[in-house]
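Okay, structure first, notes after.
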Amino acid sequence: MRKLFIGAGVVLALLGGGFNQMACAAESPQRPIMQIQNKQGIKVVYDARKDEWQAGIGKSLYYVRGLVESYKKQGVEPSKLDIHIVLHGPTAYWALKDEAFQTTQSDPFAVNTNAKIIHDLNALGVKVEVCNVTLRGYGWTHDMLL
């Protein structure tokens, strides 16, 4: 029995240092942010295929906005970024004008909450695109898009 307690004590002593470091990291008010080296010619393509939502908008749109904001905080202006997000299949309706959006939702009063973020992203230079195969598959036209 005594060997078991000694063995457990050694294991806890060895692990204790790791736990202490993890606790300090968790208590730290701010983690250091690694700065980016390249601040020009940054190209990003998002391929949105999952109809998931975050904060009332399409999750991929939410993350693209966060990416642009993150670059801004590191001194990279949106004009230096070349970001495209392509909406495929079940996410394509995010880019529909309200009238077409209402049809997809079977609700004549539905409002596309993605319209504002898409407009804001476009103003920042982000290209929000819908896959043409998806457009044809759903029977939509380009004039139905935001």
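The values are calculated or read from the model by the stated rules, or taken from the named source; none is laboratory data. Everything numeric in this text was worked out from a predicted model, so none of it was measured. Please note: Cβ atoms are built from the backbone with ideal geometry, for glycine as well, and neighbour counts cover all protein chains shown.
General observations
- Within segment 1-60, the set of residues being part of a loop (DSSP other than H, G, I, E, B) and at pLDDT below 50 comprises Met1 only.
- Only one of Pro78, Pro90 that is over 13 Å from Leu124 (Cα atoms) and touching a residue at least 12 places away in the same chain (Cβ under 8 Å): Pro90
- In this structure, Lys97 does satisfy being farther than 18 Å from Gly125 by Cβ and of a type outside the set (Asp, Glu).
- From the options Leu96, Leu81, residue that is in the same structural domain as Arg136 (by TED's automatic domain parsing) and over 19 Å from the mean Cα position of the chain (by Cα): Leu96
- Exactly one residue among Val111, Val128 is under 14 Å from Gly58 (Cα atoms) and in a loop (DSSP other than H, G, I, E, B), and that residue is Val111.
- Segment 61-84, subset in contact with a Gly (Cβ under 9 Å, 6 or more places away or on another chain) and not in a helix (DSSP H, G or I), residue farthest from Val44 (Cα to Cα): Leu81
- The condition of being exposed (fewer than 15 other Cβ atoms within 10 Å of the Cβ) and touching an Asp or Glu at 6+ places or on another chain (Cβ under 7 Å) holds for only one of His142, His119, His84, that being His84.
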